[in-house]
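Student: Attaching a single structure in structure tokens format; questions to follow.
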Amino acid sequence: MVTTLVYKDNKLVAQNPPIESLVTLRAEPGVILWVDLSEPTPAETQQVLETTFAFHPLAIEDCVIDSPFPKLEEFDDYFYLVMHAVDYTRTESFTTTELDFFLGKNFLVTFHKKPLRPVQAVQERYQKSSSTLVRGPDRFAHVILDLMVEAYKPALDDLRDELESLEEAVLKDISADELFPRVIALRKTFSALRQIVRPQREIVTTLSDGKSRLIRTVMVPYLRDLAEDLSRIETQASAWAEQLILSFRVYLNKSSHEANDGIRVLTGITALTIPVLLLSGWFGMNFSHMHELEWKYGYVAATALVLTGTLGMLRFMRKRKWL
């Protein structure tokens, strides 16, 4: 589907004219075009990208074939930009959809194989507000990029809640079988977020350096603000990844401490049996002439020695705080 907004003298004057008329409209003075190709057919792709705007064949090829990385290439009278819109769910984590920009002096062409909420939102905004002044196609590009960055916020809130939930679980009686998958999954999510954001931040930083002749000076501060937002997201993801590792170390130390407590208790119980083992070993010797075996009060004396030795050992261990 091809959606077109036509501005003349900075005001919206037409929507969705015939594609054949775009060549003429593009040549008119004071005209700004935004042409959006959403899930386009091969015929629409060829007519708009090749016939109407005559973009470079390599740029068209990169546009049609999905690229896993952002890209910025400058040509004589336009530049080609590849960015990725994100969508986040707990089940699928981060998924991305490629969004291609062709930005010229008086036109913006966007291309995406799936519907994108940021693009749809910008279209609805400008279609409803016909009185809004648009002084350059870079305004459309900035608003789309801004909404793409805004789309990270719900995901960041969800990830922060997950991290806080995991930190609380670490301090409670959570099993390793339950904790390890959550830690691994969350760490992979943070890593995926950084891998998505970092190259896009670099691209936006390049656009905001003010060197491109197709980016008006007035738009440079807005692009710098976008670069700062992406930098904050990347920094936040890195900080959360370190915080996650710290929580995991706390869990390991807690588990080690609990294991040591258990070993200490078992060792104490073993130590308490020393008097019993000594006496039972002594009286269990099979000598023919053991006077103790014929002693009338031998059983009572042995019992008293066992109790006295055990209580003495218990008192000694408590005094040393071993039990």
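Rule-based calculations on the coordinates, nothing more; no lab input. Computed from a prediction, not measured in an experiment: that's the story for all the values here. In this analysis, Cβ positions are derived from the backbone assuming ideal geometry, glycine residues included, and neighbour counts consider all displayed protein chains.
Student: Under 1.5 on a/c is rounded, so check that first for the stretch 26-157, then, if it is not, pick prolate when a/b is larger than b/c and oblate when it is not; a ≥ b ≥ c are the square roots of the alpha carbon gyration tensor eigenvalues. Show your work: numbers first, answer last.
Tutor: Details: a/c = 1.92, a/b = 1.27, b/c = 1.51.
Cα axes put the stretch 26-157 in the oblate bin.
Student: In addition: Residues with amide H under 5 Å of ASP66's amide H, sequence separation 5 or more or different chain, H placed in the peptide plane at 1.01 Å from N; which?
Tutor: none
Student: For PRO42, what is the net charge nearby, where nearby means another residue's Cβ is under 15 Å from its Cβ and Lys, Arg count +1, Asp, Glu -1?
Tutor: Numbers: positive: LYS113; negative: GLU39, GLU44, GLU50, GLU61.
Around PRO42, the surrounding residues sum to -3.
Student: Let me ask you something else. Quick one: which residues, 5 or more positions from HIS84 or on another chain, have an amide H under 5 Å from its amide H? H modelled 1.01 Å from N in the peptide plane, none for Pro or chain starts.
Tutor: Correct list: LEU99.
Student: Highest mean first, what order results for 70-77, 132-139, 96-103, 236-243 on Cβ atoms within 10 Å? The partial results should precede the final answer.
Tutor: Numbers: 70-77: 13.6, 132-139: 18.0, 96-103: 20.9, 236-243: 16.1.
Listed from highest to lowest mean packing, they are 96-103, 132-139, 236-243, 70-77.
Student: Relative contact order for the stretch 1-111: what is it in percent, counting Cα pairs under 8 Å that are at least 6 residues apart? Could the numbers behind the result be given before it?
Tutor: Working: 173 pairs, mean separation 26.0, N = 111.
It comes to 23 percent, rounded to a whole number.
Student: Moving to a separate point now. Of LYS8/LYS71; LYS8/LYS128; LYS11/LYS128, which pairs sit farther than 20 Å apart, going by alpha carbon to alpha carbon? Before the final figure, lay out the partial values.
Tutor: Numbers: LYS8/LYS71 30 Å; LYS8/LYS128 17 Å; LYS11/LYS128 12 Å.
Pairs exceeding the cut-off: LYS8/LYS71.
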